[in-house]
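For reference, the structure discussed in these notes is given below.
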């Protein structure tokens, strides 16, 4: 048995193994802490004179009441901003996440063009630009999800070297995928001559330049630096303005020049951010997980990213492909339909702020309650979270209705009270109809995204993939049927029904998780 000669060392050891830990319940917990610390039976015997770790833990029990232990808490409310300040701050963060999309729409309406759009472009150019943009979003969306998931995971663990290495691997993988798809498209058009040379050049140039831009943007999303992304987009629009508005270079050539410059700037800044991660002294490892393990763990995120962006553009492709007898190509840009969706995107951007609010407020409360309730109070824990979930969804319902109505009234008042150059286009034909249906669709979509974020946070990503897959298939089927039967504008109901299905599936699963959250919480780690 241990003598008093080195009891001071044992007291010091006890303080070390319980550092930043709560008060141990019994010697079993102390034994577990010893083993975590690296002490084995052989170490307990040779270095401290005990028969094994358990005997040593029993001896260390005498020190249990000799120190002050930190209060168990995963959420430090005192360090968090006040409630409404916190809500506003997180809403702005979520808003900044989607703000580049709003900026693109705003400047298109304000000056007639932006980084990859132009109101006065002919329909052939508008069509091929849109197709190049859609392809860029779909192809890079998968890599963006993977970079955001794995890179951010290592950043949160303070493993900066691993974050740097993994981000470079995933970024380069996305880059290779973009180049491969681009070469396939070039070969396909060379053989089958689907598009004339100039228009295919416009399509493929936008595809490459926007794909590179979106990959660089994904790096900043990983760092959660949404405001800087907004600044980059404003810089890009400024370059377009100089090239087109001042130097009088025609669109889309002026946009090509602006995108090349913007891509180069973002390439430099993105490279510097990733490289600077390696300067951290906190990081513990440098290796990258084996490629097979890395990509296997990220398959759900690749699939989800691909399906999510496919879902967003499906109704457009379905609507534009409706045969009217005057279309020179299978897919043809439709201005009234696009304006209705762009109008609804304003409501989407305003609602996206709630995704950041929802996940932060949920995790604040869950992490607080997980230490507040004892193991035999799991039902009360689940009920408390469920009550908050209901309250939040009721608030979101009210806010989403107000947002949709106020967004419509805002544009309507501009139309009635000003002579704004392009505003009358929003009230021609079926554009208002598309707005109302699309805006309601986006409200369901954002609420579904909140549920998916909650599901993702507990490592249940496969269900999220299943939800968006079913929603995408329904979007396609409903859109094709209604647009062919009643008119192209009814393709927007594919978006509506798909969004509702996505919301229903994710909502039901989120409810199921919350009602057994004690199980899902502990099984997610």
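Derivation of every value follows stated rules applied to the coordinates shown; laboratory data play no part. Values in this document were obtained by computation on a predicted structure and should not be read as measured data. Counting neighbours? That spans all protein chains shown, and the Cβs are built from the backbone with ideal geometry, glycine included.
Between the helical axis of 7-17 and the longest alpha-carbon principal axis of the chain there is an angle of about 20 degrees.
Treating only the Cα positions of segment 4-63 as identical point scatterers, give the base-10 log of I(q)/I(0) from the Debye formula at each q in 0.16, 0.18 Å⁻¹. So the normalised log intensities work out to -0.42, -0.54. Stretching residue 397 away from residue 276 to a fully extended chain increases their span by 39.3 nm, per 0.36 nm per residue minus the current alpha-carbon distance. Peptides 439-448, 43-52, 182-191 ordered by packing proxy, namely the average of other Cβ atoms within 10 Å per residue, highest first: 439-448, 43-52, 182-191. Put the Cα centre of segment 451-473 next to the Cα centre of segment 479-519 and the gap is 12 Å. Taking packing as the residue-averaged number of other Cβ atoms within 10 angstrom, the listed peptides 107-115, 136-144 run from highest to lowest as 136-144, 107-115.
Mark the label point 7 Å from the Cα of residue 386 along Cα→Cβ and return the residues of segment 462-506 whose backbone N is within less than 18 Å of it. Counting backbone N atoms under 18 Å from the label point, the list is 506. Note on segment 405-420 and segment 201-236: Cα centroid distance 31 Å, given to the nearest whole angstrom. Against the longest principal axis of the chain, how steep is helix 335-372, in degrees 0 to 90 to the nearest 10, with axes from Cα atoms? Once rounded, one gets 10 degrees.
Return the Rg/Rh ratio of segment 120-288 with Cα-based radii and a Kirkwood Rh.
1.04
Across segment 315-431, the volume of the C-alpha convex hull divided among the residues equals 152 Å³ per residue. Ranked by the mean number of other Cβ atoms within 10 Å of their residues, highest first, the peptides 81-91, 118-128 fall in the order 118-128, 81-91. Above 40 Å, the calculated P(r) of the chain contains 33 percent of its Cα-Cα pairs.
Listing 467, 323, 297 from the residue with the fewest other Cβ atoms within 10 Å to the one with the most, what is the order? Spell out each step's value before the answer.
Numbers: 467 25, 323 10, 297 15.
Exposure proxy ranking, most exposed first: 323, 297, 467.
Sorted into 10 angstrom bins from 0, the C-alpha pair distances of segment 393-525 split as 12, 31, 29, 18, 8, 2 percent. Computed from Cα positions, the angle between helix 431-457 and the longest principal axis of the chain comes to roughly 20 degrees.
Largest first and in whole Å, the equivalent-ellipsoid semi-axes of segment 45-178 read 55, 25, 8, each the square root of five times a Cα gyration tensor eigenvalue.
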